[in-house]
Amino acid sequence: MAASNNAPSGIDKEQIFGMAEKEMEYRVDLFNKLTQTCFNKCIEKRYKESELNMGENSCIDRCVSKYWQVNTHFFVVVFSLDLKKFGSILQY
């Protein structure tokens, strides 16, 4: 039986897996940076209790929220710049 024309070729599959791998690396890196940044900012260096206190919880909530908002905004701006650049290339 002949392969359908819609099936991705071997190169396409490799590109897809490569992109998925890069995306996973990016997400792991983002999580690690977010965790380290908010931990350093919000958690006291001397542990007094086994659980987070209310101030630490609030700080972490705000830190994660702000980190995520800034990161999302940054990628929206970068993505829109890439689209504008790509669009100008297509016009020529």
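Okay, here's what the table says:
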read-out: Residues located in the stretch 25-84, provided they are assigned to a helix (DSSP H, G or I), among the hydroxyl-bearing types (Ser, Thr, Tyr) and surrounded by fewer than 12 Cβ atoms within 10 Å (Cβ to Cβ); value: TYR26, SER65, THR72, SER80
read-out: Residue pairs meeting the criteria (Cβ under 7 Å; at least 6 apart or on separate chains; first touching a residue at least 40 places away in the same chain (Cβ under 8 Å), in the stretch 20-34; second part of a helix (DSSP H, G or I)); value: LEU30/ASN71
read-out: Candidate set: the stretch 52-92, residues that are of a type in the set (D, E, K, R) and at pLDDT below 90; chosen: the one nearest to ARG27 (Cα to Cα); value: ASP82
read-out: Pairs where the first residue, in the stretch 48-68, is closer than 18 Å to GLN36 by Cα and the second is outside any helix (DSSP H, G or I) and among the charged types (D, E, K, R), C-beta under 8 Å, 6+ apart; value: GLU56/GLU44
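The values are calculated or read from the model by the stated rules, or taken from the named source; none is laboratory data. Nothing here was measured: the structure is a model prediction, and the numbers come from that model. Positions of Cβ are backbone-derived with ideal geometry, glycine not excepted, and every protein chain shown enters the neighbour counts.
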